[in-house]
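Participant: Sending over a structure as C-alpha cells; questions will come in a sec.
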Amino acid sequence: MIAFVLRRLLQGVIVMLVVGLIAFSLFNFVGDPVSLMLPPEATQADRDAMRQALGLDKPFYVQFVTFIGNAVQGNFGISLRLGRPVSTLLVERLPATLELAFTAAMIGLLVGIPVGVYTALKRDSWVSRALLTTSLVGVSLPNFLIGIFLILIFAVWLGWLPSFGRGDTVKIGLWSTGFLTKSGLKSLILPAITLGFFPVTLIMRLVRAEMLEVLRTDYIKFARARGLSDRAVNFGHALKNTLVPVITITGLQLGGIIAFAIITETVFQWPGMGLLFVQAVQFADIPVMAAYLCLIGLIFVVINLVVDMLYYLVDPRLRAERGGSGGH
Amino acid sequence: MPAATPDAKPLLQVKNLRVEFNTRRGTLVAIDDVSFDIAPGEVLGVVGESGAGKSITGTAIIGLLEPPGRIAGGEILLEGMRIDNLPAEEMRKIRGRRIGAIFQDPLTSLNPLYTIGHQLTETIQTHLAMSMAQARARAIELLAEVGIPAPERRIDHYPHQFSGGMRQRVVIALALCANPQLIIADEPTTALDVSIQAQIITLLKRLCRDNGTAVMLVTHDMGVIAETADRVAVMYAGRIAEIGPVQEVIHNPQHPYTAGLMASIPALGHEVERLSQIEGSMPRLNAIPTGCAFNPRCPRVFGRCTVERPSLLPAGKSLAACWLHAEGSVPLDLNKDWSEGAVHA
C-alpha cells in the first residue's frame, strides 16, 4: 500500500513537471516580455538591465528551475492585466469554482446513481426509456446551450433565479462561501445544474450498464438463491460491485468539471477561476494562464491519487496482503 | 441409508412441468411435460447432455428462471403446497430457507467484495431470528462442518483468499445456512479439480445424510451419480427419458438412450477398443422431432415412435418413456444394442 502510494506520488510529480514545462513554455510563445514591459523608446542598455534583473539572460534550464521553484512556493508572478499577484487572484477565485464544481459533482452522483440503478432494475418500463432518451439529449447538448436555456426559462421568463453572478458571499478565513446566504444558494442553482447535467447523464448510463452486467453474474444469482431480499441483492451486492468504475469516472469527471467550468462560468459570469482564465486569454495574461494550467494539472493529479486509494477501500482483492492467502 | 423409501410422502413433486422461452423466432419449449418426485432425505441424480434441460429444471424449482424463460404449465409442490405460482416475496422466503441451491462455479458464486463471514451471517439473519453474535457463531460452526480449517480466522477472509475447493465448501455452507429440506446442486463439482471433486461430493453426501436433507443433484458425470444418488432421472431434449433406482438405470437401462449413454462411459478394468457413441446429436429446441425426441438416433426405432410421444411407462423397476414398454413392464436387455459390433440403424 505504502509502496503503491509512493509510486503514484512519484508519477504525480513527473506529470506536474511536464505540466510545468508546458506552462513555462507559454512565456516564450508571446514574444519578448522585455519589449512588452519597457516603453518603445527604451535603450538597448535599459533592455539588457531589465533582462538581467528578470533573469532572462540565463540559460533555459536555469530559468525553468527558477520557475518551478517559485511555482512550488505558489509564486506565479504578477498578472499583466490586473497588476496583482497571480496567486492572490487564484486564491480569491478558487472557492467560487470549487463550490460550483462540488455542487455539480454532488448533483451528478445523487441523481446519476439512483437513476442509473432504477433504469437497470426496471429495464423495460417506459419511465426508464424516457430517462434514457433524455440522457442522450444531455450527452449531446453543449453545456453553454443548456445554460442559456435555463437562464431563459428560470431567470428571464419565470424570474425565479438570478441569471448571473454569485450572490452574497460570507468570508470564512480566506475562503468566501456562497453556501451560507440565500442569494448565494439561489445563484448557485442554475450554474450547478448546467455543469452537473453532463455528469448526471454519464454516471447514470455508466451505473446502468455496470448494473446490468453485474446482475447477470453468478454471485447475484446465488445471492437470490440464498433468499436474500431484493433490496439486499440489488443495493448490497450488485450496486457495490458497480462502484469501482463509477468512482473512476466520477473522479475524472470532477477534474473535468473543475477544468471545464470555464464555459459555465462564462455563461453565468460566475467569478471563478474559469472566468479569470478566459479573461486572461483575451488579454494574453500569460502568468495567469500558466498558473491556471499548473493548478488544474495539480487538481487532476490529486484526484487520480484519491481515486486510486478509494479502490483499495472498495475492492478487497487489491488490499490483500501478498502471500498468506489460499491461492487459486 | 435412511429415508429413501419409495412410499414416503414426497418432499418435492414436479408435475407435468413445462418451461418455455419466448424468443423472436417463436416459442422454444425447454422443458416439456417433466414429472418426478423427491422423497425427504433422498438424493435424486439428474443426468443428460448439455441442453437437455437439467439446469433449467432446477432453476424453475427455485423460481429463478430469467426472462424470457417462464413456467408455462404444470405444478411444483413442496410438501404438498404449490410453490410455482407463489408471489415473489413468498418464494424468496422459501429460497435458502427450505430449498437451498449450489451452482456450478464456486469461483464466481461468492461476491468478491464481502468477507465470507458477511455473506454467511447475512444469509443466516435473513432466514433465522438470530443476533449478529449468534449468526456469527453459527457461521463459524457451519464453516467447521464443511471442513474449513481455522474457521474463526477464515470467516473474516474474502473469497479470493480461498482456493476453488475451499470456496465450494463455503458455497455449501451458505446453502446449508438455514437447514433447508432440499438442496438443488447444479453441477457442484464440474468446475473443480478431479482430486477435489470426490472430497466435495463426499462432504455434500455426508452433510445431507446427517441433516436429512434431500438433494437434487444435476450433473453430466455418471460417476458422481453412481456414487451419490439413490435414484436417477435421465433427461433428453427437455423430457425425462428414464427414471429409476440408480443401480438399475446404470446396469439395466430401459430406454435406448440411457443404454447408449451408459455404453459411452469409459470404465476402468474393461478393455474396449472403441467406446461406443450415439450417432448424431441431441436435437435443438426448435427442431424436436414429433413422437419420441430420440427417434432419429434410436437403434430400436419403429413406426409408433415417429408419430406418438411416449409417456413414462413402467419398465422393470424403472419408468421409461419408450414404446418398447407399451406391452407391459418387461425388462429389456438393451445393453447389447451398444456393444461392439452392433449394427446401428
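Participant: Restricting attention to region B:18-53, and to residues there that are among the polar types (S, T, N, Q) and either over 20 Å from B:MET282 (Cβ atoms) or outside the structural domain of B:CYS208 (by TED's automatic domain parsing) (or both), which single residue is surrounded by the most Cβ atoms within 10 Å (Cβ to Cβ)?
Facilitator: B:SER35
Participant: Looking at region A:175-187, can you tell me whether even one residue there is under 30 Å from B:HIS118 (Cβ atoms) and either surrounded by fewer than 21 Cβ atoms within 10 Å (Cβ to Cβ) or of a type in the set (D, E, K, R) (or both)?
Facilitator: Taking every residue of region A:175-187 in turn, none turns out to be under 30 Å from B:HIS118 (Cβ atoms) and either surrounded by fewer than 21 Cβ atoms within 10 Å (Cβ to Cβ) or of a type in the set (D, E, K, R) (or both).
Participant: Looking at region B:144-160, is at least one residue under 20 Å from A:GLY236 (Cα atoms) and assigned to a helix (DSSP H, G or I)?
Facilitator: Yes, some residue in region B:144-160 is under 20 Å from A:GLY236 (Cα atoms) and assigned to a helix (DSSP H, G or I).
Participant: Next question. Scan (1) modelled with pLDDT of 85 or more; (2) open to solvent by 20 Å² or more (accessible area, probe 1.4 Å) for the single condition B:GLU279 breaks and write down its number.
Facilitator: (1)
Participant: Turning to a different aspect of this structure: Any residue at all in region A:192-199 that's at pLDDT 85 or above and either surrounded by fewer than 21 Cβ atoms within 10 Å (Cβ to Cβ) or more than 29 Å from A:ALA261 (Cβ to Cβ) (or both)?
Facilitator: Within region A:192-199, one or more residues are at pLDDT 85 or above and either surrounded by fewer than 21 Cβ atoms within 10 Å (Cβ to Cβ) or more than 29 Å from A:ALA261 (Cβ to Cβ) (or both).
Participant: Given (1) surrounded by fewer than 15 Cβ atoms within 10 Å (Cβ to Cβ); (2) assigned to a helix (DSSP H, G or I), identify the lone condition not met by A:LYS171.
Facilitator: (2)
Participant: Take the residues of region B:257-276 that are of a type in the set (A, V, I, L, M) and assigned to a loop (DSSP other than H, G, I, E, B): which is modelled with the highest pLDDT?
Facilitator: Looking at residues that are of a type in the set (A, V, I, L, M) and assigned to a loop (DSSP other than H, G, I, E, B), I get B:ILE265.
Participant: Could you figure out which of (1) more than 10 Å from chain A (Cβ to nearest Cβ); (2) over 25 Å from B:LYS205 (Cα atoms) isn't true of B:GLY117?
Facilitator: Unmet condition: (2).
Participant: Which condition does B:LEU78 not pass, out of (1) facing chain A (nearest Cβ under 9 Å); (2) open to solvent by less than 40 Å² (accessible area, probe 1.4 Å); (3) more than 30 Å from A:ASP315 (Cα to Cα), if it passes all the others?
Facilitator: The failed condition is (1).
Participant: Report, by residue number, each residue of region B:92-102 that is open to solvent by less than 10 Å² (accessible area, probe 1.4 Å) and more than 8 Å from chain A (Cβ to nearest Cβ).
Facilitator: Scanning region B:92-102 gives B:ILE99, B:ILE102.
Participant: Let me ask something else. Residues B:GLU242, B:GLU248: which one is open to solvent by less than 30 Å² (accessible area, probe 1.4 Å), touching a strand residue (DSSP E or B) at 6+ places or on another chain (Cβ under 7 Å), over 12 Å from B:ALA52 (Cα atoms) and not assigned by TED's automatic domain parsing to the domain that holds B:VAL47?
Facilitator: On inspection, the qualifying residue turns out to be B:GLU242.
Participant: Another one. Exactly one of (1) open to solvent by 40 Å² or more (accessible area, probe 1.4 Å); (2) under 13 Å from B:ILE172 (Cα atoms); (3) not hydrophobic (A, V, I, L, M, F, W, C) is unmet by B:GLY212. Its number?
Facilitator: (2)
Participant: Working carefully through the options A:VAL302, A:VAL233, find the one that is modelled with pLDDT of 85 or more, part of a helix (DSSP H, G or I), away from every other protein chain (no Cβ under 14 Å) and on the phi < 0 side of the Ramachandran plot.
Facilitator: Of A:VAL302, A:VAL233, the one residue that is modelled with pLDDT of 85 or more, part of a helix (DSSP H, G or I), away from every other protein chain (no Cβ under 14 Å) and on the phi < 0 side of the Ramachandran plot is A:VAL302.
Participant: Which residues, taken from region A:215-228, are open to solvent by less than 50 Å² (accessible area, probe 1.4 Å), more than 7 Å from every other protein chain (Cβ to nearest Cβ) and modelled with pLDDT under 90?
Facilitator: A:LEU215
Participant: Taking region A:56-73 on its own, how many of its residues are over 25 Å from A:ASP46 (Cα atoms) and either β-branched (Val, Ile, Thr) or open to solvent by 50 Å² or more (accessible area, probe 1.4 Å) (or both)?
Facilitator: 5
Participant: Is one or more of the residues making up region B:144-165 open to solvent by 30 Å² or more (accessible area, probe 1.4 Å), more than 9 Å from chain A (Cβ to nearest Cβ), closer than 30 Å to B:PRO40 by Cβ and at pLDDT below 90?
Facilitator: So far as region B:144-165 goes, yes, one or more of its residues are open to solvent by 30 Å² or more (accessible area, probe 1.4 Å), more than 9 Å from chain A (Cβ to nearest Cβ), closer than 30 Å to B:PRO40 by Cβ and at pLDDT below 90.
Participant: Name the one entry in A:ASN304, A:ASN241, A:ASN234 that is more than 28 Å from the chain's Cα centre (by Cα) and either farther than 30 Å from A:VAL156 by Cα or without any contact (Cβ under 8 Å) to a residue 40 or more places away in the chain (or both).
Facilitator: It is A:ASN234.
Participant: A:GLN52: in a helix (DSSP H, G or I) and open to solvent by 60 Å² or more (accessible area, probe 1.4 Å), yes or no?
Facilitator: Spelling it out, A:GLN52 is indeed in a helix (DSSP H, G or I) and open to solvent by 60 Å² or more (accessible area, probe 1.4 Å).
Participant: Listed residues B:GLU141, B:GLU122; which is within 11 Å of chain A (Cβ to nearest Cβ), without any contact (Cβ under 8 Å) to a residue 12 or more places away in the chain and part of a helix (DSSP H, G or I)?
Facilitator: From the options B:GLU141, B:GLU122, the qualifying one is B:GLU122.
The values are calculated or read from the model by the stated rules, or taken from the named source; none is laboratory data. All values derive from a computational prediction rather than experimental measurement. For neighbour counting, all protein chains shown are included, and Cβ atoms are generated from backbone atoms with ideal geometry for every residue, glycine included. Surface accessibility is based on the protein's heavy atoms, side chains included, excluding ligands, DNA and RNA. Shrake-Rupley method; radii C 1.70, N 1.55, O 1.52, S 1.80 Å.
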